[in-house]
Amino acid sequence: MTLVPYTAGEKPSLVASLQRHREAVLWKLEGLDDEQLRRRVVGSETTLLGTVKHLASTEYGWFCSTFGRPSDEIPSAVLDEDPQADWRIHPWETTEGVLAYYERARAAADEAIRELKTTERGTAWHGATVTLRWVLIHMIEETARHAGHVDVLRELVDGRTGDHREEPSPAG
């Protein structure tokens with residue numbers, strides 16, 4: 001589990017915080033089968049796997065499209081027609097495929113983060129000028145919010161609770 005360093009600079013601290021929440025989301029999926037990952041346990045269409053698909057598209061959008069980098073986000077034209085398209089898991093989408101999509105999105109985001117300064121400016125999907133600093137803070141908020149959703153969904157699926165993998169205690 002990634003820990004946010006107590007005395008690091010701004011960018012390493014923001015990156016560690018984002019990574020910590022990403023890890024929490026993925027940890028909550030461990031040990032579940034395809035049916036459980038797709039199961040609807042709340043009134044909306046929200047599922048564990050759908051949340052991961054949404055996070056992947058969102059990372060591509062904010063870290064890549066915003067800064068003019070190649071992106072594989074769900075196109076805005078699709079979202080205009082179906083605002084839930086980035087949450088919905090279609091029968092032909094595999095668990096492995098959605099997890100690979102999230103892995104590719106994180107890798108593309110991490111590359112942008114490495115290569116850009118926190119003061120670098122980009123254009124958000126709605127036209128506002130934003131900095132990488134703002135995008136990092138926004139994506140920490142977004143990922144943490146959805147990690148909380150994933151917490152609740154996982155508990156409703158099989159009763160498992162906790163916010164991170166328990167690290168084994170050192171032998172004494």
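The values are calculated or read from the model by the stated rules, or taken from the named source; none is laboratory data. Nothing here was measured: the structure is a model prediction, and the numbers come from that model. So basically every Cβ, Gly included, is an ideal-geometry build from the backbone, and we count neighbours across all protein chains shown. The protein model used for the area step is the full one, side chains on, heavy atoms only, and it has no ligands, DNA or RNA in it. Shrake-Rupley method; radii C 1.70, N 1.55, O 1.52, S 1.80 Å.
Matching residues to (1) at pLDDT 95 or above; (2) not in a loop (DSSP other than H, G, I, E, B):
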{"residue": "Leu3", "(1), (2)": "no, no"}
{"residue": "Phe63", "(1), (2)": "yes, yes"}
{"residue": "Thr66", "(1), (2)": "yes, yes"}
{"residue": "Arg69", "(1), (2)": "yes, no"}
{"residue": "Ala77", "(1), (2)": "no, yes"}
{"residue": "His90", "(1), (2)": "no, no"}
- Task: Scan the stretch 103-160 residue by residue and report those that are more than 29 Å from Gly43 (Cα to Cα), among the aliphatic types (A, V, I, L, M) and open to solvent by less than 30 Å² (accessible area, probe 1.4 Å).
- Result: Ala108, Ala109, Ala112, Ile113, Leu116, Ala124, Val130, Leu132, Val135, Leu136
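Results for (1) among the β-branched types (Val, Ile, Thr); (2) open to solvent by less than 20 Å² (accessible area, probe 1.4 Å); (3) out of contact with any strand residue (DSSP E or B) (no Cβ under 6 Å at 6 or more places or on another chain), shown as yes or no for each residue.
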position: Glu10; (1), (2), (3): no, no, yes
position: Ser13; (1), (2), (3): no, no, yes
position: Leu26; (1), (2), (3): no, no, yes
position: Gly31; (1), (2), (3): no, no, yes
position: Asp34; (1), (2), (3): no, no, yes
position: Val41; (1), (2), (3): yes, no, yes
position: Ser44; (1), (2), (3): no, no, yes
position: Glu59; (1), (2), (3): no, yes, yes
- Item | Tally of residues being over 19 Å from Arg160 (Cβ atoms), in contact (Cβ under 8 Å) with a residue 60 or more places away in the chain and either of a type in the set (Val, Ile, Thr) or touching a Cys at 6+ places or on another chain (Cβ under 8 Å) (or both) across the stretch 1-37 | 1
